[in-house]
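Please read the structure below before turning to the comments.
The values are calculated or read from the model by the stated rules, or taken from the named source; none is laboratory data. The model shown is predicted, which means the values in this text are computed figures rather than measured ones. Cβ sites come from the backbone with ideal geometry, for glycine too, and all protein chains shown count toward neighbours.
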């Protein structure tokens with residue numbers, strides 16, 4: 001009887017230490033993800049002044065604003081800084097001095113501090 005108990009104990013120990021005989025199959029490799037595409041919207045500056053009566057807005061341009069975004073007649077979007085909600089549409093004018101651009105308010109009610117975005121072609 002002692003021999004049977006010892007054999008049973010030895011078999012149980014071997015099974016608990018050795019694990020089961022079924023090979024572990026690693027999970028499949030994750031499928032490669034497509035990288036995020038850059039947004040076509042580029043922040044070019046901020047509204048620094050508004051003349052609501054005449055329908056003008058003055059934009060302070062960022063250092064990296066592309067020249068094509070500043071072309072006369074180009075459409076720009078003003079949006080609230082925190083919520084990114086569109087507040088108005090602006091039309092670029094020929095009045096460009098250094099990093100300051102004059103625009104005409106096409107629609108909406110942009111506010112001082114709104115960021116100005118250009119949609120790249």
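Checked against (1) touching a strand residue (DSSP E or B) at 6+ places or on another chain (Cβ under 6 Å); (2) farther than 17 Å from residue 48 by Cβ; (3) modelled with pLDDT under 95, residue 106 passes all but condition (3).
State which residue is nearest to the chain's Cα centre (by Cα) when the search covers only the range 44-80 and only residues that are within 16 Å of residue 110 (Cβ to Cβ) and assigned to a loop (DSSP other than H, G, I, E, B). This residue is 80. If the condition is being surrounded by 12 or more Cβ atoms within 10 Å (Cβ to Cβ) and in contact (Cβ under 8 Å) with a residue 60 or more places away in the chain, then the range 83-112 contributes 110, 111.
The number of residues in the range 82-100 being in a strand (DSSP E or B) and more than 18 Å from residue 41 (Cα to Cα) comes to 6.
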